[in-house]
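Quick notes on the structure that follows.
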Amino acid sequence: MVSRPQGLATRFAAGFVAGPAYPAAAADRRVIGILGLDLPVRATIAMAAVSLLLLVDFTRLAIPADIQALGRSSDALRFQAIERLVLFGLAPALVVVLAFRDRLPAYGLGLGDWRWGIGLAAAGCAVVTPIVMALGSGAEFGTYYGISDAPLGDLIVTNALDLASAEFLFRGFLLFTLLRTIGPVGLIVTLLPFVFSHLGKPEIELFSTLFGGAVFGWLNWRTGSIWWSALGHVYILTLVIVVAGAAASS
């Protein structure tokens, strides 16, 4: 006879990996022939759109020169966050609504399995807190992030605008399109643009995005929502900046 603790552990383990199915609709399976290539329409549009939007953001075409001159100051990051709200949030949302003729909650903008989402996000934040604090207090992170320090409320608003938009671009719009087109390997594909969007940041952080991006992608697959990875992402970046700012000013 299975004891109660073992039964609870078994149910927890089963629930932990019980992600929803993402079956392909007819529109997800539709292909277009280009020069002999049969390309899935939605997946091709999503990957092309993400590539273009990342190039615009990376080249800072939408950011005036006087804002660029502020470097990584809090004012410059707020402008960048608004730019990303448009590029990474509004633009892919318009693709979903106008080109895909689909519902935004199907791309992670609903609450999904919020009970597991809150629990997993909270547990993940607790685990990484000492790691983030140790790294944030180092010289490399102090040099890079110290200049971005600002009052906590301002930091949270800036990071929420920036990172919720980024989560939607990578692990909402792109991930959920690919899950219904090529299956779970879509999670691995979304790692590529996410990792390369961190070029120029401290090397430890750059390499950590392989693991962190996979965890965030899995969380979004498991819950069907971007909001819980966005919550964790905002917490981590805010903590890094606060710790780095304190270290830089000491």
**Any helices (runs of 4 or more DSSP H) falling wholly within the range 1-98 and containing at least 3 residues that are within 19 Å of Leu199 (Cα to Cα) and not acidic (Asp, Glu)** = 41-59, 74-84
**Message:** Show me the helices (runs of 4 or more DSSP H) entirely contained within the range 156-250 in which 3 or more residues are small (Gly, Ala, Ser) and surrounded by fewer than 24 Cβ atoms within 10 Å (Cβ to Cβ).
**Reply:** 203-223, 227-249
**Single match in Ala27, Ala43, Ala81 (criterion: under 26 Å from the mean Cα position of the chain (by Cα), touching a residue at least 40 places away in the same chain (Cβ under 8 Å) and surrounded by fewer than 17 Cβ atoms within 10 Å (Cβ to Cβ))** = Ala27
**Prompt:** When the range 53-66 is examined, which residues are found to be touching a Phe, Trp or Tyr at 6+ places or on another chain (Cβ under 7 Å) and surrounded by fewer than 18 Cβ atoms within 10 Å (Cβ to Cβ)?
**Reply:** Ile63
**Message:** Of everything in the range 99-114, what is over 30 Å from Phe16 (Cβ atoms) and assigned to a helix (DSSP H, G or I)? Give them in sequence order.
**Reply:** Ala99
**Prompt:** What are the pairs, 6+ residues apart or on separate chains, where a residue within the range 86-111 that is under 12 Å from Ser165 (Cβ atoms) has its Cβ under 7 Å from a residue that is among the acidic types (Asp, Glu) and in a helix (DSSP H, G or I)?
**Reply:** Leu87/Asp57
**Asked** Taking the condition farther than 22 Å from Asp28 by Cβ, of a type outside the set (Val, Ile, Thr) and touching a helix residue (DSSP H, G or I) at 6+ places or on another chain (Cβ under 7 Å), does Pro193 pass?
**Response** no
**Prompt:** Here are some residues: Leu179, Leu199, Leu174. Which one is under 18 Å from the mean Cα position of the chain (by Cα) and modelled with pLDDT under 95?
**Reply:** Leu199
**Request:** Evaluate the following for Ile147: is it in contact (Cβ under 8 Å) with a residue 60 or more places away in the chain and either of a type in the set (Val, Ile, Thr) or at positive phi (or both)?
**Result:** yes
**Prompt:** What pairs come up if the first residue lies in the range 123-135 and is hydroxyl-bearing (Ser, Thr, Tyr), the second is in a helix (DSSP H, G or I), and their beta carbons are under 8 Å apart, counting only those six or more places apart or on different chains?
**Reply:** Thr129/Leu239
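The values are calculated or read from the model by the stated rules, or taken from the named source; none is laboratory data. This is a predicted model, so every value here is computed, not measured. Cβ atoms come from the backbone with ideal geometry, glycine included; neighbour counts cover every protein chain shown.
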